[in-house]
Every structure is written in C-alpha cells, then in structure tokens.
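Trainee: Supplied in structure tokens, the structure appears directly below.
The values are calculated or read from the model by the stated rules, or taken from the named source; none is laboratory data. All values derive from a computational prediction rather than experimental measurement. Glycine gets a Cβ as well: all are built from the backbone with ideal geometry, and neighbour counts include every protein chain shown. Heavy atoms of the whole protein, side chains included, go into the accessibility calculation; ligands, DNA and RNA do not. Shrake-Rupley method; radii C 1.70, N 1.55, O 1.52, S 1.80 Å.
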Amino acid sequence: MVVDDHPMWREGVARDLTEAGHQVVATSGEGRQAVRVAAAARPDVVVLDLQLPDVSGVEVVQGLRAVLPQVRVLMLSASGEQQSVLDAVKAGATGYLLKSAAPAEFLDAVRRTAAGEPVFTPGLAGLVLGEFRRLAAGSGGPAGARGAGAARSGQDEDTPRLTDRETEVLRLVAKGMSYKQIAGRLGLSHRTVQNHVQNTLGKLQLHNRVELTRYAIERGLDG
C-alpha cells in the first residue's frame, strides 16, 4: 500500500512497485483514510510519507500497527532529521528512506522491508542503534537485575528459551548486521538466517527486526 499526499509521486511509486512485480492493493493521500483502508486491504508492507495533510506519518504508523500488528512500514521522507527518524522507529516503522533514493535502492528497500529487515538511508542505522542503546542504559537495563548469566544468554524465567543458534543470530542482529552479513559470518544461507529471526520473533512475541534489535540491546546482547 502506498500512502502519500502528492498524486504524481503516489502514482509513480505505485507504478514502480507494480512493474517490479509487487501487488499494490491500495493507495491513499490521507493518514486517517490510510488506516481505514489498510484494515480492509490488509497490505503486508505500507510505503508511507512522513508528512501528510491531516495527521503525521508517525500517528499513521501507530494506527496501522493497532489494526494490523504484523504490518511492515517503510517511511519515505524528504527529511533526514534525526528526531523524525527516531520518532518513526519508536512508533513501529520498520525502515526509513529518503525520497532522494534511487529507484533501485527504493525497490530493494521494499523487498528487505517485506522480509522483516530494518532498512535505513545510509548513516541513519547507526543513529537508531545508538538511540536504542541510550534508552536501554537510561532504563537501567533489564538484564542487570537478572544477573550476569541471564544477560549473557538473553534468557530469563519469563522468556521463552532460544536455541544457541537463535541467540547467536540475535547478538548479530543487535550489532546492526544485515541478513546477508550474518549469513556470511556464520556460514549459513540467507534463508536460514531469516528463519532463525522469524522463529525468534515468534517466541518473543515481537513483530519486526526493529523491536528485536531493541530487545537484544536492552539485554546487553550487542556487546
């Protein structure tokens, strides 16, 4: 689904997606309408403009996640302002791409977003990871209260047990590595890494890799 208040841009993005083999199930130019339409159209991925005429893109992300918890949202914006990026990610966006991105970069971002990978314009991924670490440090870090053993394993009494491989993949996710990089580091296929991440998301009842990254950082697994 494509949400943007500029008709030419919205139609152009929808056309590019269709020509690349994606099915565009809906488009919208307003935030509140987008949430209503998404509830009926049930898209897997929403390409969403940050600035909309009625409500902010951040509010739309929150609304989309309320009606479709599994939806993945790729923010498209002309702004690379740090606070805009962080607000979008905290609201539940999977990725954030500047509108100045090349068409091939955009289509790659959509494919990666659909696969659950966090996608950010170069230079922004480190910003997001840094903010997660700051938030984890500010909260006192839940891992600290459970003792060093729990922090090292990422497990506690209330958390479903992860396999050693899932924990290993989780550590690399927390370092901001892509599926391809993790696969190369561990000698696994891209699909196997993706399966480990999906299994871990299911066990921990999280919705995307952004949430998974924050979970891992809060438990000290990014060291």
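Trainee: Looking at 24, 73, 47, 85, which one is touching a strand residue (DSSP E or B) at 6+ places or on another chain (Cβ under 7 Å) and in a loop (DSSP other than H, G, I, E, B)?
Mentor: Only one candidate qualifies: 24.
Trainee: Out of the helices (runs of 4 or more DSSP H) lying entirely within the stretch 106-185, which hold 1 or more residues that are modelled with pLDDT under 60?
Mentor: It comes to 125-138, 142-146, 148-153.
Trainee: Oh, and also: For the stretch 65-89, give me the residue count where each residue is of a type outside the set (A, V, I, L, M, F, W, C), in contact (Cβ under 8 Å) with a residue 40 or more places away in the chain and closer than 18 Å to residue 31 by Cβ. Before the answer, list the steps.
Mentor: So in the stretch 65-89, the residues of a type outside the set (A, V, I, L, M, F, W, C) come out as 65, 69-70, 72, 77, 79-84, 87.
Among the residues that remain, those that are also in contact (Cβ under 8 Å) with a residue 40 or more places away in the chain are: 65, 69-70, 72, 80, 82.
If we keep only those that are closer than 18 Å to residue 31 by Cβ as well, we get 65, 72.
Of the residues in that region, 2 qualify.
Trainee: May I pose another question? Please determine whether any residue of the stretch 58-70 is closer than 13 Å to residue 210 by Cα and not small (Gly, Ala, Ser).
Mentor: There is at least one residue in the stretch 58-70 that is closer than 13 Å to residue 210 by Cα and not small (Gly, Ala, Ser).
Trainee: Just one of the numbered conditions (1) in contact (Cβ under 8 Å) with a residue 60 or more places away in the chain; (2) touching a Leu at 6+ places or on another chain (Cβ under 9 Å); (3) of a type in the set (D, E, K, R) is not true of residue 105; which one?
Mentor: (1)
Trainee: I've got another one for you. What is the number of the single condition among (1) in a loop (DSSP other than H, G, I, E, B); (2) at pLDDT 85 or above; (3) out of contact with any helix residue (DSSP H, G or I) (no Cβ under 7 Å at 6 or more places or on another chain); (4) under 25 Å from residue 213 (Cβ atoms) that residue 93 does not meet?
Mentor: Every condition holds for residue 93 apart from (3).
Trainee: Considering the stretch 35-56 alone, what residues qualify as being buried (at least 22 other Cβ atoms within 10 Å of the Cβ), in contact with a Gly (Cβ under 7 Å, 6 or more places away or on another chain), closer than 19 Å to residue 101 by Cα and not charged (D, E, K, R)?
Mentor: Across the stretch 35-56, the qualifying residues are 48, 50.
Trainee: Follow-up. So which residues in the stretch 1-34 are of a type outside the set (D, E, K, R), buried (at least 16 other Cβ atoms within 10 Å of the Cβ) and more than 18 Å from residue 65 (Cα to Cα)?
Mentor: Scanning the stretch 1-34 gives 13, 14, 17, 22, 24, 29.
Trainee: Follow-up question, since we're still on this one. Of everything in the stretch 57-71 that's under 20 Å from residue 5 (Cα atoms) and β-branched (Val, Ile, Thr), which residue is surrounded by the fewest Cβ atoms within 10 Å (Cβ to Cβ)?
Mentor: Across the stretch 57-71, the extreme among qualifying residues is 58.
Trainee: Just wondering, is there one or more residues in the stretch 72-79 that are open to solvent by 20 Å² or more (accessible area, probe 1.4 Å), under 23 Å from residue 178 (Cα atoms) and under 19 Å from the mean Cα position of the chain (by Cα)?
Mentor: So far as the stretch 72-79 goes, yes, one or more of its residues are open to solvent by 20 Å² or more (accessible area, probe 1.4 Å), under 23 Å from residue 178 (Cα atoms) and under 19 Å from the mean Cα position of the chain (by Cα).
Trainee: On the basis of being surrounded by 15 or more Cβ atoms within 10 Å (Cβ to Cβ), of a type outside the set (Ser, Thr, Tyr) and at pLDDT below 80, does residue 199 make the cut?
Mentor: The answer is no for residue 199.
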